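Structure, as structure tokens:
The values are calculated or read from the model by the stated rules, or taken from the named source; none is laboratory data. Keep in mind that what you see is a predicted model, and the values were worked out from it rather than measured. For neighbour counting, all protein chains shown are included, and Cβ atoms are generated from backbone atoms with ideal geometry for every residue, glycine included. Just the protein is used for accessible areas: all its heavy atoms, side chains included, with ligands, DNA and RNA removed. Shrake-Rupley method; radii C 1.70, N 1.55, O 1.52, S 1.80 Å.
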Amino acid sequence: MVEQGHSSFPLSEALAMSAQSVRLRLGRMLIVLGGVALAVAFLTSLYVMKDVLAGFAERMGPEETTPVVAMGNWWMAVAALITITGITNAMLMSVTERVKEIGTLKCLGATWLHILQIFLFEAAFLGLLGGVAGGVVGTLLGMLSATGQLGWEMVAPVAKNPLIYLAGIGWGTLASVVLCLMSSIYPVYYAARIEAAEALRYEV
Amino acid sequence: MAQNVSEEQYAVLVEGVKKYYYMGGTTVKASDGVDLSIKRGEYVSIMGPSGSGKTTLFNLVGGLDKPTEGRIFIDKTDISKLDAYELAWLRCRKIGYIFQTFNLIPIMTAVQNVMLPMIFAGVPKKERQQRGEHLLEMVGLADRKDHKPTELSGGQQQRVAIARAFANNPAIVLADEPTGNLDLKTGLAIIELMVKMNRENGITVMCNTHDLKIIDASDRIVWMRDGQVERVEDRSSIKLQVGDMEDGSGEGE
Ligand SMILES: Nc1ncnc2c1ncn2[C@@H]1O[C@H](COP(=O)(O)OP(=O)(O)OP(=O)(O)O)[C@@H](O)[C@H]1O
Ligand SMILES: [Mg+2]
């Protein structure tokens, strides 16, 4: 009987590899990253505005705030959809660019699960980076536009509370990571399924 | 699952292997009944015109493609019986691959590339590092260990790829035209290195090549034509047959 085991690729290694990949490909990922950041900034600003408005709901009456909040939700859904399409497209391009690399990894012992790990981590990193940047910008934009609509006197008490910034940035980052992971479902599935022999024949 | 074969001394056994591609009514017989046995420690060169089925054989023996018919044993394991996870393990532990286009992972340094198969094999980090550096030393690139592939010449990249292929002490190292993208002199050095790695480590090598200079170094040469083994030459008889070498050129190259 011949010894038989399974090849391994610990999570820590996959994390390290993905981090290295994102770090070294940052230049080429900048456009995608910019897109993610922009979309997240937009989403976050809407979220923060809603947050601020919610604080005034009682004083202003629901007739005034409800339509604004509903409108905000609608915009957020549309923006999220556009973002998902954009990131999916960018991730698919990244995968096709790296078909040969995936084939090589499979020759070295990678299973579809290992490929999945690597690409999911990359998506998560992308989401994290774009999310923090977009979250910061978006929170500030949200405060600005709330001030524009309600006047500084009304917004000032809210603006002086650091919690709203933390909530905005945190929400933006989380939304970004979730969006990136959702966008990567199809590209990652595609990458993981690539057959080694097919991939090696592939010429970029 | 795994099945024993009486012949202990074989690293690779290929039995009646066929690989057919069906393309809109026509059948392409990329492999058309190949029988081949490669002994442990042997250096076998596969030669033949373009389209004769060398890469197909590389893919089949390497567990990258499944044959239409026939069986392939690597180190006594019938690889057609393995599931995807067992195949991954076989590729990792039993087979080393060398490609015409080097195929190093672009974001990784030379030593990281060499260590990669050892990660999949579960070798502890410290040992990985030591062995990686040792292997790079063996291929003459100790001073380039922290360089990225883009910072290396083609010949140097192929040296890294060779070190990577030998990393897990595989049962066999497969090479598909490893000198195809290199100039004559660099290619010769690569072949010499592969022979050296074969002799010093006792690791079996099967190398597809157009390079006639490899003839002296090979233990055996397998000539392919139209998906079949046309003839096999031992080292002793090779020198007598120099006249036949000219038919190494192929249709539509
Ligand atoms: N995926 C495929 N689909 C269809 N036909 C294929 C496929 N792969 C190979 N073939 C065919 O099988 C035959 C053998 O191809 P193979 O690549 O093994 O030749 P080779 O000996 O490696 O040639 P070369 O020296 O040019 O690399 C060729 O006729 C080729 O067209
Ligand atoms: Mg070929």
| said: Quick test of the membrane-span-like rule: which DSSP H helices of chain A reach at least 18 Å along their long axis (C-alpha atoms) with mean Kyte hydropathy at least -0.5? | reply: A:11-24, A:26-60, A:62-97, A:112-150, A:162-183
| message | Multiplying the sequence separation of A:E97 and A:L113 by 0.36 nm and subtracting their Cα-Cα distance, what value in nm do you get? | response | 3.8 nm
| message | With only alpha-carbon pairs counted, each pair once and no self-pairs, how large is the Kirkwood hydrodynamic radius of the range A:16-201 in angstroms? | response | 17.8
| Largest to smallest accessible area among B:R40, A:R193 [probe 1.4 Å] | A:R193, B:R40
| field | Centroid-to-centroid separation of the range A:30-59 and the range B:181-235 [C-alpha atoms, Å] | value | 63
| query | Which percent of the accessible area of chain B is formed by carbon and sulfur heavy atoms (probe 1.4 angstrom)? | reply | 48
| request: Could you let me know the centre-to-centre spacing of the range A:71-140 and the range B:23-40, using Cα atoms, in angstrom? | output: 41
| Quick one: if the Förster radius is 41 Å, what FRET efficiency do B:N169 and A:Y186 give, using the C-beta to C-beta distance and rounding to 0.05? | 0.60
| request: At most 16 other Cβ atoms within 10 Å and a DSSP loop assignment: could you name the GluC sites (Glu not before Pro) in the range B:1-72 that fit? | output: B:E7, B:E8
| query | For chain B, what is the accessible area per residue in Å², given a 1.4 Å probe and the full set of protein chains? | reply | 41
| field | Summed buried accessible area for B+A [probe radius 1.4 Å, Å², rounded to 100] | value | 3100
| query | Tell me, what is the FRET efficiency for B:K39 and A:I31 to the nearest 0.05, using R0 = 51 angstrom and their Cβ-Cβ distance as r? | reply | 0.40
| request: Please average, across the residues of B:114-120, the number of beta carbons from any other chain that are within 10 Å of each residue's own beta carbon, and give a whole number. | output: 6
| query | Ignoring ligands, DNA and RNA, how do A:E195, A:E63 rank by accessible area with a 1.4 Å probe, largest first? | reply | A:E63, A:E195
| task | Normalising by the residue count of the range B:10-242, find the relative contact order in percent from Cα pairs under 8 Å and 6+ residues apart. | result | 28
| request: Compute the distance in nm between two label points, each set 7 Å from the Cα along the Cα-to-Cβ direction, one at A:L166 and one at B:T26. | output: 7.1
| request: Measure of size requested: the Rg and Dmax of chain B, with Cα atoms as the atom set and Å as the unit; please supply both. | output: 17.9, 55
| Approximate spin-label separation B:A142-B:R71, in nm, with each point projected 7 Å along Cα-to-Cβ | 4.7
| remark: Over the protein assembly as shown, the sum of -39500 (n - 2.57) across DSSP H runs of at least four, divided by residue number and rounded to 500 deg cm²/dmol, gives at 222 nm -18500 deg cm²/dmol
| note | For the range B:50-191, shape from the Cα gyration tensor axes a ≥ b ≥ c, cut at a/c of 1.5 then a/b versus b/c, turns out oblate
| task | At 1.4 Å probe size, with no ligands or nucleic acids counted, give the accessible surface of A:Y202 in Å², nearest ten. | result | 80
| message | With every protein chain left in place and a probe of 1.4 Å, what is the accessible surface of A:W171, to the nearest 10 Å²? | response | 70
| said: Taking each residue in A:97-107, count the Cβ atoms of any other chain within 10 Å of its Cβ, then average. What number comes out? | reply: 5
| Mind checking the angle between helix B:154-165 and chain B's longest principal axis? C-alpha axes, 0 to 90 degrees, to the nearest 10. | 90
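How would you classify the range B:84-139 from its alpha-carbon gyration tensor, with a ≥ b ≥ c the square roots of the eigenvalues: rounded for a/c under 1.5, else prolate if a/b is greater than b/c, otherwise oblate?
oblate
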| Can you list the lysines whose alpha carbon is less than 25 Å from that of B:K18, not counting same-chain residues fewer than 8 positions off? | A:K106, B:K29, B:K39, B:K54, B:K66, B:K76, B:K81, B:K94
